[in-house]
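One structure below.
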Amino acid sequence: MSIPAQASGEPDAEPDGPEGRLRRFARIWSRAIFPLTATSLTRPEFEQHLLPLARELNGILHAHPFDASPAQRIGAALIDAHCTDPDALSSTLGVVDSYLVLYCGGNGPGPLSIEDGRARCARIQHTLAAGFTGALRERTLAEQEAIARSALTARSHAEEALHATEARFRAVFKDAAIGIGIADLDGNILEINDTLTRMFGGLEHHVRSHKVNEWVHPEDSPQVWKYYDELVRGEREHYRVEKAYYRNDGTVLWTNLTVSLLRDSEGRPEYQLALMEDTTERRLLNLRLRYEATHDALTGLPNRTLFFERLEKALTAQEGGRFGLCYLDLDGFKAINDSLGHAAGDRLLVEVADRLQSCATAPGEMVARLGGDEFVALTTGPDTAEEVHELAGRILNALATPIRLDGRELSVRGSIGIVEGPAGERSAAEVLRSADITMYRAKAAGGNRFQLADAEADERAITRHGLTTALPAALDRGEFFIEYQPLVHLGDGTVHGAEALVRWCHPQHGVLGPDRFIPLAEHTGLIVPLGRWVLEESVRQANFWQERHSDGGPLRINVNLSPTQLHHPRLVAETVDVLERSGLEPGALCLEVTESALIGADDDLLKPLRQLAEMGVDIALDDFGTGYSNLANLRRLPVSVLKLDRSFTRGMQQHPADPVDLKIVEGIVSLAHSLELAVTVEGVETGAQADQLRRIGCDTAQGWYYARPGAPDRIHSLLLADAV
Amino acid sequence: MERPAWAPQGIDISVPSVSRMYDFYLGGSHNFEVDREAARKAMEFLPGLPKIMQANRAFMRRAVRHAVDSGIDQFLDIGSGIPTFGNVHEVAQAADPGAKVAYVDHDPVAVAHSQAVLEGNDRAVIAAADLRRPKEILANPEITGLLDLDRPVALLLVAVLHFIEDADEPYAAVAELREALAPGSLLVLTHASYEGIPLPKAEAAGTVGVYKNIRNPLIMRSHEEIGRFFEGYEMVEPGLVSMPEWRPDTPQSPEQEDPYAFSGFGGVGRKA
């Protein structure tokens, strides 16, 4: 450049000076091509950008010797300034042609002839155009190459990623633990993985030879094919069902099937993708577990769980639904089990189960085994009131034929409690309890029968049941106590002794007499520990009295023995033990045994009583005259006292006394005395009775006339009064 | 079906790309015949398209300078396309050599090209991500490795939001980005609109049709709709205006500008 470039922003250029003219040229040039550029420069910036180029043009115009080639750079500089539009070149050439000589012709060191100026200007234009074009070609090629390379790079990145993706998918497909299959929308199977082939039995062509929609199985739910149709029509993206298939060997394959619709890039349905999980074994296991959980292993009958499910269902049935329940317990099954062994007992139960099953074959009927020898039969529907009786009848009938077991014929009978009623009133547990109680009533009434539940009987049984279950804890908690009723010498009216009477101070029911709970204790066996406690307590009390009442002669204590206690092998040993530990003489103890407990008693049973009698313990025959009073038998019994039941003295309460009763008592007393038995009468309530009995010759008496049963200290005060 | 994040997008250069069409409008040669064909078609309806693009570039340039003047030295340019010239990093780093620029584009070719252009510039990166999934942008390691999002950032959404259909929830995406930026951050945004185009709407709509045909629908939004992208940000003076009207470098008469430059709107918002 022959003219040194001036600082572009020179402010003080004279408008008509060389610099001013140069700027005007640049402004005209800028105005001509700015609209054609893509530059983000502003107009003034663009004009400033062109100014050095204008100065260079000026330099080329005046250079000596003239050389147009630098004008190539001007053309290239336009490309660098993003003036790539061809019109930018023609406009530039136009501006150079019209204005370069005009504005810059006089700027040189020497004058430039018009002709020379024009010639130089034309050469400058040719060269500038060549420079522009060359630069544009270079730039275009470079950019084309750059973008092509970028596209290639991007594509190879994408291909690598795609390859990685495919490899991943391939691995997923191949190694998946679930079966994967792809089919077209017509159901033609295109690809399946090894797992799927194995699931279907291992033959690939077996799977491929069928279209998807040919894999119909009788257990298909209606949704399976509805969903399928929706999916292939493109109306459903995916579905999940449980579906069965036939393997090539004809066995059934159960699957959890998930099918998804695959669409192409335009969103059109293209393929269906099926994912299958083999649930065959799980399903079988579930079925088996369910069966085992709901059936009795011995008989194969439904068990308690399943029965309760059905009962609950029956009880929550629609309005108008009724249910009838038979609760069956075999009579005397324990005896069979004990005598023939459990294996035989089990076979018997299996036979019974079979027979019961045949009794309940109608829809809505079922038989279940609750456990042991307890079975239930359920019938449901609107007419159970009649049906349940028929069902119970059929059951008893079915049991009537003897069962052959190990060569013998066993008669099996049962007691049935029936509960029948409308649904929606009671819970399953309530119904079953009522049936159970009713069954026990049937059993108590002799067995081999059925009885219908009634609320009152249930109520009584429920109380009894409550007391029975509360008994053991009551003994532990010391809820029992003893009251004593004096026994009085009829001869002189002195207190001879006392009978110990046990009471239960029940937390809810208050004080209960022995009639309320002794039979229950007897039934459960609790009578043994309870009886021992009563004996210990009474003997201790008697000993206490003896020590306090040393001047009044020995004071006796009467204690009741229940039938169970009589049978208890340790009766003698424990009685001796209690006496020895207390220090009470055996002669001060009288054990009362009911007459009925000794009916038909053999020597084995009497032996402990004899032993006790030989030690000096008195044995009293209680409630004499209420049972089958075998007078002849009296001689065999080791008893020393007869206690006449209160029913004999009742006739003497009136005045005058019933002569027949009088005669009977007289006879008994005389007989007793002749057998050297003392006679005690119970239930003496009036002085007249007492007089009569004294006259007849009775020895001792007890009853309200003398004293009601009471706390031990009341006996003590009676004794003191007596002694005065 | 949603494409999983790790599944690559296919490369199909037989399909026109909006980035390469943009380059063509600006006189570049980073484009293929399919791009030029589509661009020429669009220009049949809107001959002034290059002027609109140029106005976008000029606006962006002024906005970036304004950001640097406001003390911002981090730039996140989403939808950066093919860097032809006058790019954000050139403008920003010319004003502040320490300025850092992260470009984001979802066109793999544009990303590859940007990678080539930015090679050796340790203050500028390009990340392949999609404005429709702002979470991925904010978690992109390239971006978080360069920019400190706890400091103010200028977020540039220049000529990109009009390619996002309402079904893709552009407002939610922009809101998520706005939320993530530190106080003092700027949102620099331009958007196409029928407003300001010196042609009847029916004619200009032909261009929209071209973009629709190349499966890159151009969504024209109104001034009010575009304004909603700034929700919660204070508008920097003079607000959302025609691009040449936003803080021109020199006072100028409108006649000097090409009429097409007034198509659409540009504006800058600031997070308080």
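Placing +1 on each Lys and Arg Cβ and -1 on each Asp and Glu Cβ, with no other charges, gives the protein assembly as shown a dipole about its Cα centre of roughly 1280 debye.
Based on the convex hull around the alpha carbon atoms, the range A:176-284 presents an average projected area of 6.6 nm². Taking the Cα atoms of the range A:229-294, the ratio Rg/Rh between the radius of gyration and the Kirkwood radius comes to 1.17.
Any chance you could tell me what percent of the C-alpha pair distances in the range A:354-447 go past 22 Å? Before the final figure, lay out each step's value.
Working: 1289 of 4371 pairs.
Tail fraction, whole percent: 29.
For A:LYS443, which aspartates and glutamates qualify as cross-link partners when the Cα separation must be under 12 Å and same-chain residues fewer than eight apart are set aside? Within the straight-line limit of under 12 Å, A:LYS443 reaches these aspartates and glutamates: A:ASP329, A:ASP331. Using only alpha carbons, the range B:139-187 has a radius of gyration to Kirkwood radius ratio (Rg to Rh) of 1.00.
If you take the alpha carbon atoms of the range A:295-453 and fit the smallest convex hull around them, that volume is 95 Å³ per residue.
The lysines within cross-link reach of B:LYS100, meaning a Cα-to-Cα straight distance under 20 Å and a gap of 8 or more places when in the same chain, are B:LYS271.
Amide H contacts of B:LYS100 (H built 1.01 Å from N, in plane; Pro and chain starts excluded): B:GLN74, B:PHE75 sit under 5 Å, all sequence-distant by 5 or more or on other chains. Take each residue of peptide A:260-266, count the partner chain Cβ atoms within 10 Å of its Cβ, and average: the result is 1. So, counting K/R as plus one and D/E as minus one, what does the shell of residues with Cβ under 13 Å around B:ASP35 add up to? Charge balance near B:ASP35 sits at -2. Computed from the alpha carbon positions, the gyration tensor of the range B:22-179 leads to an equivalent ellipsoid with semi-axes of 25, 19, 16 Å, biggest first. For the range A:18-144, the normalised intensity computed at q = 0.11, 0.12, 0.18, 0.21 Å⁻¹ comes to -0.34, -0.41, -0.89, -1.19 (log10 of I(q)/I(0), Debye sum over alpha carbons, equal scatterers, no solvent).
Given +1 at the Cβ of Lys and Arg, -1 at the Cβ of Asp and Glu and no other charges, the dipole of chain B around its Cα centre is 140 debye to the nearest 20.
Given the C-alpha atoms of the range A:608-724, compute the convex hull and give its volume per residue in Å³.
Working: hull volume 15.5 nm³, N = 117.
Once divided by residue count, the hull of the range A:608-724 is 133 Å³.
Antiparallel beta bridges, as assigned by DSSP with both residues in chain A, represent about 75 percent of the total such bridges. Put in line by how crowded their Cβ is, counting other Cβ atoms within 10 Å and starting with the fewest, B:LYS201, B:LYS100 read B:LYS201, B:LYS100. Subtract the Cα-Cα distance of A:ASP116 and A:VAL576 from 0.36 nm times their separation in residues, and report this length gain in nm to one decimal. This chain segment gains 149.4 nm when fully extended. Report the normalised scattering of the range A:439-494 as log10 I(q)/I(0) at q = 0.13, 0.17, 0.21 Å⁻¹, calculated by the Debye formula with identical scatterers on the alpha carbons. Treating every Cα as an identical point scatterer, log10 I(q)/I(0) equals -0.63, -0.74, -0.86.
Shielding value for B:107-117 is 5, the average number of Cβ atoms from other chains within 10 Å of each residue's Cβ.
Mind sorting A:TRP254, A:TRP29 by how few other Cβ atoms lie within 10 Å of their own Cβ, fewest first?
On the way: A:TRP254 20, A:TRP29 26.
Least to most surrounded, the residues fall as A:TRP254, A:TRP29.
By the count of other C-beta atoms within 10 Å, a proxy for reagent exposure, A:LYS174, A:LYS243, A:LYS643, A:LYS443 are ordered fewest to most as A:LYS174, A:LYS443, A:LYS243, A:LYS643.
I'd like to compare B:221-228, A:218-225: which one has the highest average count of other Cβ atoms within 10 Å, and what's the full order after that? Display every interim value, and only then the final one.
Numbers: B:221-228: 16.2, A:218-225: 12.1.
With the highest mean Cβ count within 10 Å placed first, the list reads B:221-228, A:218-225.
Given a Förster distance of 51 angstrom, what is the FRET efficiency for A:LYS334 paired with A:LEU284, based on the Cβ-Cβ distance and rounded to 0.05? Display every interim value, and only then the final one.
Details: r = 39 Å, r/R0 = 0.77.
It comes out at approximately 0.85.
Look at the stretch A:138-151: the mean tally of other chain Cβ atoms within 10 Å of its residues' Cβ atoms is 6.
Bridgeable lysines around A:LYS607 (alpha carbons under 26 Å apart, same-chain partners fewer than 8 residues away excluded): A:LYS643.
How much mean residue ellipticity at 222 nm does chain B get from its helices, if each DSSP H run of length 4 or more adds -39500 (n - 2.57) and you divide by all residues, to the nearest 500 deg cm²/dmol? Present the calculation step by step, with values, prior to reporting the outcome.
Details: 10 runs with 102 residues, N = 272.
Counting only the DSSP helices, I get -11000 deg cm²/dmol.
For chain B, the Kirkwood estimate of hydrodynamic radius, built from reciprocal distances between every pair of different alpha carbons, is 18.8 Å.
With r defined as the distance between the Cβ atoms of B:SER70 and A:GLU191 and R0 fixed at 51 Å, what FRET efficiency is calculated, to the nearest 0.05? Could the numbers behind the result be given before it?
Numbers: r = 59 Å, r/R0 = 1.16.
Step by step, r from the Cβ atoms, then E = 0.30.
Volume per residue of the convex hull around the Cα atoms, evaluated for the protein assembly as shown, comes out as 327 Å³.
No value in this document is a laboratory result; all are computed from the given coordinates. The structure displayed is predicted, hence computed values, not measured ones. Heads up, the Cβs are rebuilt from the backbone with ideal geometry, glycines too, and the neighbour counts pull from every protein chain shown.
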